[in-house]
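No lab work stands behind these numbers, since they all come straight from the coordinates. Owing to the predicted nature of the structure, the values given are computational and were not obtained by experimental measurement. Positions of Cβ are generated from backbone atoms using ideal geometry, with glycine treated the same way; all protein chains shown enter the neighbour counts.
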Amino acid sequence: DSQTVWIVTIYQLMITMLILPLSSVGDLFSYRRTFLTGVVVFTLGSIMCASSPNFVAILVARAIQGIGAACVMSVNIALTRLIYPPKVLGRGLALNGMVVASATAAGPTLAGAILSVASWHWLFAVNIPIGIVAFVFSYRFLPKNPVRVVGRRLDWRDCVLNALTFGLLIFSIEAFSHDVAM
């Protein structure tokens, strides 16, 4: 069905819309807290995806997963900078890039293996134990970073305008590429 592309698109759309505003949230409220919140939201979204009874429910759940992923991705490099000392920061960034690239490459193969033995629900259920382990390890080992930005507040208007700009741009490209009448 041509509408199923939205299961992927809504996830990517949420990340694109929120990654910049959430990086500001990380600056203002702590990278660690933003990351941990993202892991929880992504894991809850995975639970919702795995138990989705219909198409609308899975779209909502994927949007929630995208919000969690945006939280994690928005502060990933900032956390890497806090974890690695300056003289080996390049190695830390390279390691981070390698893990992200490897996971991106392995994802479709893993998905194919899961689908060969189980229903599509398991594509999302597999994230639940991973999310729990990621939260426990992140909570225990990520450095607590005190917020150094004093007197600055989150500009909600700019966050909303940024999200709308990127969201409408990506939505328009997606609709145009699939010849959807707007």
I need the helices of the chain that pass two filters: whole DSSP H segments spanning 30 Å or more by Cα along the axis, and mean Kyte-Doolittle score no lower than 0.5. 5-29, 55-83, 89-117, 156-177
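Beyond 27 Å, what share of the Cα-Cα pairs of the chain is found? Please give it as a whole percent. Numbers along the way, then the final one.
Details: 5605 of 16471 pairs.
So the portion of pairs separated by more than 27 Å is 34 percent.
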Evaluate the relative contact order of segment 1-103 (contact order divided by residue number), counting alpha-carbon pairs under 8 angstrom at least 6 apart; express in whole percent. 33 percent
What are the trypsin sites (Lys or Arg not before Pro) within segment 94-176 that DSSP puts in a loop, where the Cβ has at most 11 other Cβ atoms within 10 Å? Lys144, Arg148, Arg152, Arg153
Env charge @ Val8, Cβ radius under 11 Å, K,R +1 / D,E -1, value 0
Relative contact order of the chain: what whole-number percent is it, with Cα pairs under 8 angstrom and at least 6 residues apart? 34 percent
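Could you work out [θ]222 nm for the chain from helices alone, using -39500 (n - 2.57) per DSSP H run of at least four and dividing by all its residues? Round to the nearest 500 deg cm²/dmol. Don't skip to the end; give the middle numbers.
Numbers: 7 runs with 145 residues, N = 182.
Mean residue ellipticity, 222 nm, calculated: -27500 deg cm²/dmol.
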Residue (of Phe141, Cys71, Thr43) at the positive-pole extreme of the chain, dipole from beta-carbon charges: Phe141
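Using +1 on the beta carbon of Lys and Arg, -1 on that of Asp and Glu, and nothing else charged, what's the dipole of the chain about the Cα centre, debye to 20?
On the way: 12 positive and 6 negative charges, 211 e Å.
Dipole of the chain, to the nearest 20 debye: 1020 debye.
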Segment 31-139 - Debye-derived log10 I(q)/I(0), Cα point model, q = 0.11, 0.12, 0.14, 0.19 Å⁻¹: -0.40, -0.47, -0.63, -1.05
If I take all pairs of Cα atoms in segment 4-46, what percentage of them are more than 17 Å from each other? 40 percent
Most to least packed among 64-74, 83-93 [average Cβ atoms within 10 Å]: 64-74, 83-93
Taking 25 Å as R0, compute the FRET efficiency from the Cβ-Cβ separation of Phe141 and Lys87 and round it to 0.05. 0.75
Running a GNM on the chain with Cα contacts under 10 Å, which residue among Thr80, Thr43, Thr104 ends up with the highest mean-square fluctuation? Thr104
